[in-house]
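Enquirer: One structure, pasted below without further comment.
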Amino acid sequence: MSKLGNLGARLHRGEVGYDFVGNRKIWYGISILITITAILGLTVRGLNMGIEFQGGAAFTTPKGMSASVSQAEKYAEDASGHDAVVQKLGDGSLRIQIAGIDTDKSDSIKKQLSKDLNVSSESIAADLVGPSWGDQIANKAWEGLAIFMVLVVIYLAIAFEWRMALAALVALIHDITITIGIYALVGFEVTPGTVIGLLTILGYSLYDTVVVFDSLKEQTKDITKQTRWTYSDIANRSINGTLVRSINTTVVALLPVAALLFIGGGFLGAGVLNDISLSLFVGLAAGAYSSIFIATPLVADLKEAEPQMKALKKRVLAKRAQAAAQGEPVEPEVTDPADDDYDDEDAAAVVGPRTQPASRNRGRGRPSGKRR
């Protein structure tokens, strides 16, 4: 078995682990800092909205243009009196986008561009987007995002519970804010492809979160009937048990997206890929982070605010203190918290999330003492 596979198996069995939930204040602080930076970038610089959202015109020149991007940008700005965004396409043609102009002005801009670029006017293709149509696209995008959020909350509240639904919603808002803030900071154009990428990464982030929640739900059945683990202990075990799987999934998903963003958009100059690839890259990374460091620790905080969970925590800590005072040894335990085959009275203390108590009746009724 590979070292990573062996580590994943040991994490799943609870033999090793990292105290994600115990250090949640650190993760909350990092997330707040990143979110504030994203909001400041959004407030100060704003989003570079494409013509699909604010209206305008896009002109595509013939193939093999000799003019550079900077020259074409200057020609377009002089002809229109507005800022222009110019991208060089893979076939050598130029795509010139000018936002905020009236459609009736596009003909004069097209003629002036043909003179400056020394090409015929008929060879320049023009795509026009009216401002009212752009507003409709923007409104539909926000409506789609709102509907997605509502459906997510309803589904998680039914499948799990409202606390998990709330935690997942906070994680999704966290991912959206960071992704939009990055777009504002780097100045990439926001297009319908950006919206598609945003919805895609929200689905990915939700999937990763649900995997941990499902494990947590399974392991916390009848949790109040024992005094071995607190809710935070089991939440931490759930994160560690799916950690390697989450890392593998995220890395595999990020590799092709990174190729689109850095090789396709940067090295090869295919700028049309930037709008969707940046949202996917930032969103996938933020989604993996929020699933591990935000959603599950937040669920643990919400659950341990309940009176019965508070009482359970007091009982567990009292029993651990008693075991420590008696000098009882602890050792790694492979029994799942949801396993009913253990004697609560014989359970010793848990010291940290990595160790679980030795039970004198472990494997009761099983010759080898191993799990089935």
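Enquirer: Consider a paramagnetic label point 7 Å from the Cα of Glu161 along Cα→Cβ; state which residues of the stretch 187-215 have an amide N under 16 Å from it.
Expert: Counting only backbone N, you get 213-215.
Enquirer: Ratio of Rg to Rh for the stretch 159-222, alpha carbon only, Kirkwood? Intermediate values should be presented prior to the final figure.
Expert: Numbers: Rg = 14.9 Å, Rh = 13.3 Å.
Answer for the stretch 159-222: 1.12.
Enquirer: I need the P(r) histogram for the stretch 164-321: all alpha carbon pairs, bin width 5 Å from 0 out to the longest distance, whole percents.
Expert: 1, 9, 17, 17, 15, 11, 9, 7, 5, 4, 3, 1, 0
Enquirer: Students often forget the sequence filter, so: which lysines lie under 26 Å Cα-Cα from Lys303 once same-chain residues fewer than 8 apart are removed?
Expert: Of all the lysines, those that pass the test against Lys303 - Cα under 26 Å, at least 8 places apart if same chain - are Lys25, Lys217, Lys221, Lys225, Lys313, Lys314, Lys319.
Enquirer: Can you work out D for the stretch 43-183 in µm² s⁻¹ from Stokes-Einstein, where Rh is the Kirkwood radius over C-alpha pairs, the temperature is 25 °C and the viscosity is 0.890 mPa s? Write down the numbers at each step before the final one.
Expert: Working: Rh = 17.7 Å.
The Stokes-Einstein estimate is 139 µm²/s.
Enquirer: Give me the percent of Cα-Cα pairs in the stretch 49-105 that sit more than 14 Å apart, rounded to a whole number.
Expert: Details: 784 of 1596 pairs.
Value for the stretch 49-105 (Cα pairs over 14 Å): 49 percent.
Enquirer: Next up: I'd like the FRET efficiency for Thr43 and Asp135, computed as 1/(1 + (r/R0)^6) with the beta carbon distance as r and R0 of 25 Å, rounded to 0.05. Walk me through the numbers before you get to the answer.
Expert: On the way: r = 22 Å, r/R0 = 0.88.
The formula returns an efficiency of 0.70 here.
Enquirer: With every protein chain kept in the model, how would you rank Trp229, Trp142 by accessible area, 1.4 Å probe, largest at the top?
Expert: Numbers: Trp229 5, Trp142 165 Å².
Putting Trp229, Trp142 in descending order of accessible area: Trp142, Trp229.
Enquirer: While we're on this one: Just round it to a whole percent: the fraction of Cα-Cα distances in the stretch 269-328 exceeding 14 Å.
Expert: On the way: 1300 of 1770 pairs.
Distances greater than 14 Å cover 73 percent of the Cα pairs.
The values are calculated or read from the model by the stated rules, or taken from the named source; none is laboratory data. Quantities reported herein were computed from a predicted structural model and do not represent experimental measurements. Here Cβ is always computed from backbone atoms with ideal geometry, including for glycine, and neighbour counts include all displayed protein chains. Surface areas here come from the heavy atoms of the whole protein model, side chains and all, with no ligands, DNA or RNA. Shrake-Rupley method; radii C 1.70, N 1.55, O 1.52, S 1.80 Å.
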